[in-house]
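Heads up, the thing below is written out as structure tokens.
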Amino acid sequence: MVNYLKALLFALFIVSCSTELQNHTKEFNRYLNSQFNTMIPESDHIYILESKFCCQGCIQKVYLKIEEEIADDTKQLPFISILTYDSSFLSETLLNECNVLFDKNADYEYLGIETANITIIKTSKRKITSTMVLSLDKIDVVSDFIN
Amino acid sequence: MRWFTLCSIGIFFILSSCVQYPHNKNITYEVKYEFHFPDSIRSLHLINQSSEMHDKLSWKAYYQQLHNNIVYEIKIDEDGLSVNNSNLILSSFYFNTIIQTADSVFTFENGINELRLGNDNNSRVKSFEIEQKYTPVIDPFSSRLVRSGSTFLIGNTSKVIDFGSKEGRLEYYKKIKPIISLNITNDRNSINELGHFPNHYRESGNNYIDHIPSSCITEEGLICLSFFADDLLYLYKDTSLFSSKVVSSQFIDKFSSIPDEKRFDMLFLKKYVIEEPRYISVKYDPYNRLFYRIAKHKWEHNHKKRKEYQFWSVVIADSNLNVLGETRFTSEYDMNSLQPTPFGIALLRSNNSMESNASFVILKLIY
């Protein structure tokens, strides 16, 4: 009986996560379409969202890490889009190599996806597969997450 | 036994009704001046002024627009209100700059132990050194560079004490005097450290992300300190505590601290900063000899839609820190833009990148 309840709870957890990601996908697509006339693509893709509530040092560090990853020819990164309200942190490399989507009002912070500091959204086959907010002590994991 | 229980419940209710938050007199206001900016002018940040009294018939202040670094001058005189591009080039930000005149700009940069005097071309004219034994800092979240006459106030912190742990904070609150007073009279610097953290900070070691208090200076040279999560205001004469009194908002009933295990969690910190009430700053009005304590109320955080207008208030106290009343505003008014003028208090309205009707207002408080 206990095992049955545990299995039921686990199943409910999985279903709720899946529903949440579906809702995020729907809202994020609606936003991309209305603001930039685009949608989540079929191929694997990474969206980096710059939050207004951020540690500026973290953002600089994350962008440096991404530049390193882009420069590393041995790695095959998914395509990266950067959603920003202030492009002042973006280097020439990032402006050339990434798709920069500029939204001065940072409306992407009000889609129901929790954002702070740097939020990374991974997508595949036109769907959001995971989201992650980089905490102050986890800035270095950005390389692992985007690979 | 039943009689005893009933009495106990009765006494409990009587005592409960006696414990109440202050009911400050409600102070209203009327709009005395209003200037609607053109669409290109919004998201302005007030650059602090020297707090001594200026001419009672004219007033001016500077505001920085960060994304293009344009500094606007807003002026009121016998000809009315005018807004102009000052053509000033600032090397730094609104929170660590004080503009004395158009070609006399004081700046303090974190990490460099000096106060810098520059001209309108951003060239250095002079610098005033701060000894290396101090760790001066301006934290845009809580403090500003403050000036009255030849005295400047800058935050003071520690390079060695770990503010992240409870043990560290207990030591920090006990050892650090959080304000440096720098006097530059006759080209000779004199520096003093002053201030003490509130007793409940020192006893609990709690983290309210508050390591630099807001400060201001009266015309008598008294220095007033206000902490985020403390109901008292503190007045210092030189480096000694002169008086302290409760100057609290009727809209704030308690403060929560940040658990140590959450201190790196940006989602938690974002929610904490948006939701928790706190005393943002204290300003001195030399024209009316009043203190204005700005209180941010408890706000709701909603990541699904932009917040509706929320509330903040100004607690008004006389020069002896007696509370005269409180006036409440919606967040349509920018609480960081409050500045006393001879004509009333200056505020910016709808001052954000989303709205197209930003304006500058002077409000007259009605007692």
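Computed from the coordinates by the stated procedures, all read-outs in this text should not be read as laboratory data. Please read all numbers here as calculations on a predicted model, not as lab measurements. In this analysis, Cβ positions are derived from the backbone assuming ideal geometry, glycine residues included, and neighbour counts consider all displayed protein chains.
Overview of values
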item: Cubic angstrom per residue, convex hull over Cα atoms of the stretch B:58-201; result: 143 Å³
item: Tensor-based shape of the stretch A:50-147 (alpha-carbon gyration tensor, a/c under 1.5 rounded, otherwise prolate or oblate); result: rounded
item: Tilt relative to chain B, helix B:266-275 - C-alpha long axis, 0 to 90 degrees, to 10; result: 90 degrees
item: Shape call, the stretch A:27-95: gyration tensor on alpha carbons, a/c limit 1.5; result: oblate
item: Mean projected area in nm² (Cα convex hull; one quarter of hull surface) for chain B; result: 22.1 nm²
item: Least to most buried among A:VAL141, A:VAL62 (fewest other Cβ within 10 Å first); result: A:VAL141, A:VAL62
item: For the stretch B:231-275, projected area of the alpha-carbon convex hull averaged over all directions, nm²; result: 5.0 nm²
item: Proximal charge balance of B:TYR287 [Cβ under 13 Å; K/R count +1, D/E count -1]; result: 0
item: In degrees, nearest ten, helix A:2-36 long axis to first principal axis of chain A (Cα); result: 30 degrees
item: Cα-based equivalent ellipsoid of the stretch B:136-284: semi-axis lengths in Å, sorted from largest, via gyration tensor; result: 27, 17, 14
item: Hydrodynamic radius of the protein assembly as shown per Kirkwood, over alpha carbon pairs, in Å; result: 25.7 Å
item: Among B:VAL246, B:PRO259, B:TYR272 - extreme Cα towards positive end, dipole of the stretch B:229-314, charges at beta-carbon; result: B:TYR272
item: Chain A - percent relative contact order, Cα under 8 Å, separation 6 or more; result: 32 percent
item: Globularity index of the stretch B:55-125, i.e. its alpha-carbon radius of gyration over 2.2 N^0.38 Å; result: 1.18
item: Relative contact order of chain B, defined on C-alpha pairs under 8 angstrom at six or more residues apart (%); result: 17 percent
item: Positive minus negative residues near B:PHE37 (Lys, Arg vs Asp, Glu; Cβ under 15 Å); result: -3
item: For the stretch A:48-61, Karplus couplings with θ = phi - 60° (6.51, -1.76, 1.60), whole Hz, Gly/Pro x; result: 10, 9, 8, 8, 5, 8, 8, 9, 4, x, 4, 4, 4, 5
item: Computed [θ] at 222 nm, deg cm²/dmol, the protein assembly as shown (DSSP H ≥ 4; -39,500 (n - 2.57); rounded to nearest 500); result: -6500 deg cm²/dmol
item: Cβ charges +1 (Lys, Arg) and -1 (Asp, Glu), total dipole of the protein assembly as shown, debye; result: 1420 debye
item: Least to most buried among A:MET39, A:MET132 (fewest other Cβ within 10 Å first); result: A:MET39, A:MET132
item: Per residue Cα convex hull volume in Å³ - calculated over the stretch B:213-364; result: 128 Å³
item: Debye-sum result for the stretch B:260-350 in log10 I(q)/I(0), which assumes one identical scatterer on each alpha carbon, at q = 0.12, 0.17, 0.18, 0.23 Å⁻¹; result: -0.46, -0.79, -0.85, -1.15
item: Ellipsoid equivalent to the stretch B:33-77 - semi-axes via the Cα gyration tensor, in Å; result: 22, 14, 7
item: Computed E for B:LYS25/B:SER91 - FRET, C-beta separation, R0 51 angstrom, nearest 0.05; result: 0.70
item: Calculated from backbone phi, Karplus (6.51, -1.76, 1.60) coupling profile of the stretch B:346-353 in Hz, x at Gly/Pro; result: 8, 9, 9, 10, 6, 8, 9, 5
item: Relative exposure of B:PHE128, A:PHE53, judged by other C-beta atoms within 10 Å (fewest first); result: A:PHE53, B:PHE128
item: Under Karplus coefficients 6.51, -1.76 and 1.60, residue-wise ³J(HN,Hα) of the stretch A:90-105 in Hz, glycine/proline x; result: 8, 7, 4, 4, 5, 5, 7, 8, 10, 8, 9, 10, 9, 9, 4, 8
item: Sequence-distant residues sharing a close amide H with B:ARG42 (under 5 Å, placed H); result: none
